[in-house]
Amino acid sequence: MWEERYKNTDGYLFGTEPAKFLLENPGWIRGGQNVLVVADGEGRNSTHLATQGANVTAFDLSPTAVQRARTLAAEHGASVNFNISDWDSWDWAAPAYDLVAAIFIQFAGPSERGKQFANLKQAVKPGGVLMLHGYRPEQINLGTGGPPFAENMYTSEILQESFGKWQIERLASYERDVQEGRGHSGKSALIDLIARKPA
Ligand SMILES: C[S@@+](CC[C@H](N)C(=O)[O-])C[C@H]1O[C@@H](n2cnc3c(N)ncnc32)[C@H](O)[C@@H]1O
């Protein structure tokens, strides 16, 4: 479905600017860090992080999106290790990353979310940070982006419970007009989590 969606879109479905979430929380991004961007789409977030001096690895299942990501990074003179990979084919084994960025990855329903969060937790080095950004259930009525499934959305209770053993650095629910390509456009019910893995 995602590959078809990208193929049938002219230009960048989610725009070429990074998620505002990354721009508004810059303190967690440092040059020289090893960063993983999961389900990176067309590369707007990985490219931004690489321009900040991070060593960025990214993956997405859509070859069309990854090709656009390569083009975007090249246009910015950014070097990113791009990969075409399904979530389940990714090698999650090593806790290799100082920072993992997971932005609008709500393709997983509640039954898959536990594994998805476990994978993210595993990828972060002890003492490293996860930056997770997505929609809340209120987004369904707004209809300005994201899947049409309330159960895929995050609440602060879900995130608190899932990352309870981590140090929560930011957990914020808010509404905002999002303009991040045609895919995310309009008043949106958002949630941010920034959490640190115990050292
Ligand atoms: C809403 S888009 C967000 C893309 C990007 N994170 C951004 O913020 O621009 C969701 C992305 O998840 C990817 N995706 C969906 N299911 C996936 C899976 N099972 N494995 C890897 N990527 C997946 C899609 O191809 C799509 O690029």
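The values are calculated or read from the model by the stated rules, or taken from the named source; none is laboratory data. As the structure is a computational prediction, the values presented were derived from the model and not from experiment. Ideal geometry is used to build each Cβ from the backbone, glycine not excepted, and the neighbour counts take in all protein chains shown.
Tell me whether the stretch 111-120 contains one or more residues that are crowded, with 16+ Cβ neighbours inside 10 Å and within 12 Å of the ligand (Cβ to nearest atom). First the steps, then the outcome.
Taking the stretch 111-120 first, the residues crowded, with 16+ Cβ neighbours inside 10 Å are 113, 116-117, 119-120.
Filter once more, so that each one left must be within 12 Å of the ligand (Cβ to nearest atom): 116, 119.
Looking through the stretch 111-120, at least one residue is crowded, with 16+ Cβ neighbours inside 10 Å and within 12 Å of the ligand (Cβ to nearest atom).
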Fill in the blank from the handout: Taking the stretch 1-17 and the residues there that are part of a loop (DSSP other than H, G, I, E, B) and among the charged types (D, E, K, R), the one that is nearest to the ligand (Cβ to nearest atom) would be GLU17
Exercise for the section: With the condition kept exactly as written, say whether any residue in the stretch 132-142 is of a type outside the set (Ser, Thr, Tyr), at pLDDT 95 or above and within 20 Å of ASP91 (Cα to Cα). Expected result: yes
Practice task
Being surrounded by 15 or more Cβ atoms within 10 Å (Cβ to Cβ), more than 10 Å from the ligand (Cβ to nearest atom) and outside any strand (DSSP E or B) is the filter here, so list the residues in the stretch 77-94 that pass it.
Solution key: ALA78, TRP92
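Hey, could you check the stretch 142-179 for residues that are of a type in the set (Ser, Thr, Tyr) and away from the ligand (no atom under 15 Å from the Cβ) and say which is surrounded by the most Cβ atoms within 10 Å (Cβ to Cβ)?
At the first step, the residues of the stretch 142-179 found to be of a type in the set (Ser, Thr, Tyr) are 144, 154-156, 162, 173-174.
Applying the additional criterion that residues be away from the ligand (no atom under 15 Å from the Cβ) yields 155-156, 162, 173-174.
Values: THR155: 13, SER156: 14, SER162: 20, SER173: 14, TYR174: 10.
Only one residue fits best here, namely SER162.
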Completion exercise
Flagged in the stretch 106-125 as assigned to a helix (DSSP H, G or I) and within 13 Å of the chain's Cα centre (by Cα), in numbering order, are GLN116, PHE117, LEU120
Practice task
Would you point out which residue out of LEU22, LEU61 is more than 8 Å from the ligand (Cβ to nearest atom) and either touching a residue at least 60 places away in the same chain (Cβ under 8 Å) or within 21 Å of ALA108 (Cβ to Cβ) (or both)?
Solution key: LEU22
Exercise for the section: Just name the residue that is nearest to VAL100 (Cα to Cα) out of those in the stretch 40-58 that are more than 9 Å from the ligand (Cβ to nearest atom) and part of a loop (DSSP other than H, G, I, E, B). Expected result: ALA54
Handout entry: Set ALA54, ALA65: member being more than 15 Å from the chain's Cα centre (by Cα) and either over 25 Å from GLU24 (Cα atoms) or surrounded by 15 or more Cβ atoms within 10 Å (Cβ to Cβ) (or both)
Key = ALA54
